Structures are given as structure tokens and as C-alpha cells.
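Please read the structure below before turning to the comments.
The values are calculated or read from the model by the stated rules, or taken from the named source; none is laboratory data. As the structure is a prediction and not an experimental result, all values here were calculated from the model. Positions of Cβ are generated from backbone atoms using ideal geometry, with glycine treated the same way; all protein chains shown enter the neighbour counts. Just so you know, the surface numbers come from the protein's heavy atoms only, side chains and all, with ligands and any DNA or RNA stripped out. Shrake-Rupley method; radii C 1.70, N 1.55, O 1.52, S 1.80 Å.
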Amino acid sequence: MDSALALLAALAASFFAADLWLDYRRRPRPHIAAYGTGMTMFAIATWAFFLGITFGWTGPMYRIFYLFGAILNIPFLALGSMFLVVGKRSGHIMAIALGALTAISTTLTATVPFANPLPETGVPHDVFASGFGPRLFAIIGGATGATILAVLSIVSIFRFWKKNRRIVWGNLLILGGTVAAASGGTGLALGESSAFALSLLVAVTLIWAGYRVASGGRRATARAETALADL
């Protein structure tokens with residue numbers, strides 16, 4: 001069951017990432033680039049997860065899965081919301097901080113030795129030791145990224161509550177997906193991994209649906225404002 005759920009999540013994340021990069025190609029914007037980067041990481045991690053639980057784990061595969069799935073993907077999605085909701089200046093400041101997080105966490109995840117052996121099957125947990133290492137950065141990245149995403153989604157909900165309910169519903173879906181992704185990643189870092197595959201599928205489905213609903217709402221608002229300006 002975990003393998004099937006992981007495959008569905010990997011396919012959905014891949015199509016979502018392609019959807020985002022097509023949007024960026026049509027109209028380059030920093031928040032789309034950040035969202036696309038975060039979802040590409042999500043897709044890579046989910047494919048690594050699927051291969052690991054289906055065919056057996058290797059050290060490099062687990063490190064790729066952990067770096068992109070448990071540490072970096074949620075902060076990059078949060079960066080997209082920072083650019084979109086707060087503005088470019090705040091987005092650039094967060095991008096600098098995220099660059100430091102990426103450099104440190106990549107180095108640690110690639111070099112820190114495993115404290116416990118990888119299992120032959122199933123979802124690994126407690127592979128890295130606690131303390132200053134990948135598990136700490138997974139908790140920091142997941143909690144901080146999810147908090148930023150959640151707060152900015154709530155800000156958008158209040159901002160557009162009377163203007164455009166499609167954007168509100170879109171942000172509620174994104175908020176639900178963020179909670180699912182963060183709970184899965186944090187649970188993995190803490191050694192609670194039984195529902196991880198399901199959390200991946202729920203997260204990517206809700207975030208993709210929310211992105212599409214909110215994007216349609218923003219386009220409708222932009223068309224209405226243009227029409228009013230022409231009057």
C-alpha cells in the first residue's frame with residue numbers, strides 16, 4: 001500500500017512541477033520559480049521514496065530523499081508565498097537565509113554517517129542521529145517553512161475574503177496540504193513514519209488544487225480590475 005501511494009504521489013508531484021514551470025515559461029515571476037523549485041524537490045524526494053520502499057534502500061538514495069523531502073521542499077514552497085504575498089524585498093531576504101540553510105543541510109546530509117542501518121523494506125526512520133545534523137534541520141526546515149506557509153495563507157484569506165472567494169478557497173487547500181506535508185516530514189524526523197506515504201499524496205493533491213483555484217481567482221480579479229480601469 002505504501003508503495004502504491006508513493007507512486008501516485010510521485011506522479012502527481014512531477015505533473016505539478018511541470019505545470020509550475022510551464023507557468024513560469026509563459027510569464028516568469030519569482031514566486032513561480034520558488035514554487036517550481038520546491039515542487040521539483042518534492043517530486044525528486046517522492047520518486048526516491050518510491051524506489052526505496054519498492055526495491056530497497058541505498059545510502060545515496062536515502063540521503064536524496066531526506067534532503068529534498070524532509071528538509072528543503074517546504075521552505076522553498078514557503079519562499080514562493082513570501083514573494084507572492086509579502087513582496088520581492090522580503091522574498092530576497094528569505095532567499096539569502098534559505099541559501100544558507102541549503103548549503104549547511106546539504107553538506108550535513110551528504111556527509112554525516114548513519115547512526116543506524118537502513119532497513120531492507122519499509123519507511124526508514126532514526127537513520128541519522130539526533131543532535132546537530134540532518135534530523136535537526138528537518139525539524140527546523142519543516143516547522144519554519146510550514147509556519148510561514150500557514151501564516152501567509154491566512155493573510156491571503158483575510159485579504160481576499162470579501163474580494164474573491166476563489167482565492168480564499170485556494171489558500172485553504174494550500175494550508176491543508178502544508179499541514180499534511182509538514183506533519184509527514186516532522187513525523188519522519190521524529191521516527192513516526194507509518195503514514196508518511198499517505199501524507200505525501202494528500203499534501204501534493206491539496207497544494208496543487210489550491211494553487212490552481214487561487215491562480216484562477218487571481219486572474220479573475222486582475223481582469224475585473226482591468227475592466228474597471230478601462231471604464
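Could you identify the single residue in Thr54, Thr37, Thr46, Thr107 that is assigned to a helix (DSSP H, G or I), surrounded by fewer than 18 Cβ atoms within 10 Å (Cβ to Cβ) and out of contact with any Ser or Thr (no Cβ under 7 Å at 6 or more places or on another chain)? Break it down stepwise before answering.
Values: Thr54 fails: out of contact with any Ser or Thr (no Cβ under 7 Å at 6 or more places or on another chain); Thr37 fails: surrounded by fewer than 18 Cβ atoms within 10 Å (Cβ to Cβ); Thr46 fails: surrounded by fewer than 18 Cβ atoms within 10 Å (Cβ to Cβ).
When all the criteria are applied, what remains is Thr107.
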| note | How many residues of the range 122-173 are within 20 Å of the chain's Cα centre (by Cα) and of a type in the set (Gly, Ala, Ser)? The answer is 10
| Taking the range 123-136, which residues are in a helix (DSSP H, G or I) and open to solvent by 20 Å² or more (accessible area, probe 1.4 Å)? | Arg135, Leu136
| Residues of the range 57-76 being hydroxyl-bearing (Ser, Thr, Tyr) and either open to solvent by 50 Å² or more (accessible area, probe 1.4 Å) or part of a loop (DSSP other than H, G, I, E, B) (or both), which ones? | Thr58
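Regarding Leu79, is this residue in a helix (DSSP H, G or I), over 20 Å from Gly177 (Cβ atoms) and touching a Ser or Thr at 6+ places or on another chain (Cβ under 9 Å)?
Taking the combined requirement at face value, the residue does not satisfy it.
Just a yes or no: is a residue in the range 143-154 under 21 Å from Gly69 (Cα atoms), of a type outside the set (A, V, I, L, M), open to solvent by less than 70 Å² (accessible area, probe 1.4 Å) and in contact (Cβ under 8 Å) with a residue 40 or more places away in the chain?
Of the residues in the range 143-154, the ones under 21 Å from Gly69 (Cα atoms) are 143-150.
Restricting the remaining residues to those that are of a type outside the set (A, V, I, L, M) gives 144-145, 147.
Among the residues that remain, those that are also open to solvent by less than 70 Å² (accessible area, probe 1.4 Å) are: 145.
Keeping just the survivors that are in contact (Cβ under 8 Å) with a residue 40 or more places away in the chain gives 145.
Checked against the condition, which is being under 21 Å from Gly69 (Cα atoms), of a type outside the set (A, V, I, L, M), open to solvent by less than 70 Å² (accessible area, probe 1.4 Å) and in contact (Cβ under 8 Å) with a residue 40 or more places away in the chain, the range 143-154 yields at least one hit.
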| field | Ile93, sole failed condition from (1) open to solvent by 30 Å² or more (accessible area, probe 1.4 Å); (2) in a loop (DSSP other than H, G, I, E, B); (3) not basic (Lys, Arg) | value | (2)
| task | Keeping to the range 110-122, report how many residues are of a type in the set (A, V, I, L, M, F, W, C) and open to solvent by 50 Å² or more (accessible area, probe 1.4 Å). | result | 3
| said: Exactly one condition in (1) open to solvent by 20 Å² or more (accessible area, probe 1.4 Å); (2) in a loop (DSSP other than H, G, I, E, B); (3) within 25 Å of Phe50 (Cα to Cα); (4) at pLDDT below 80 is false for Ser193; which is it? | reply: (1)
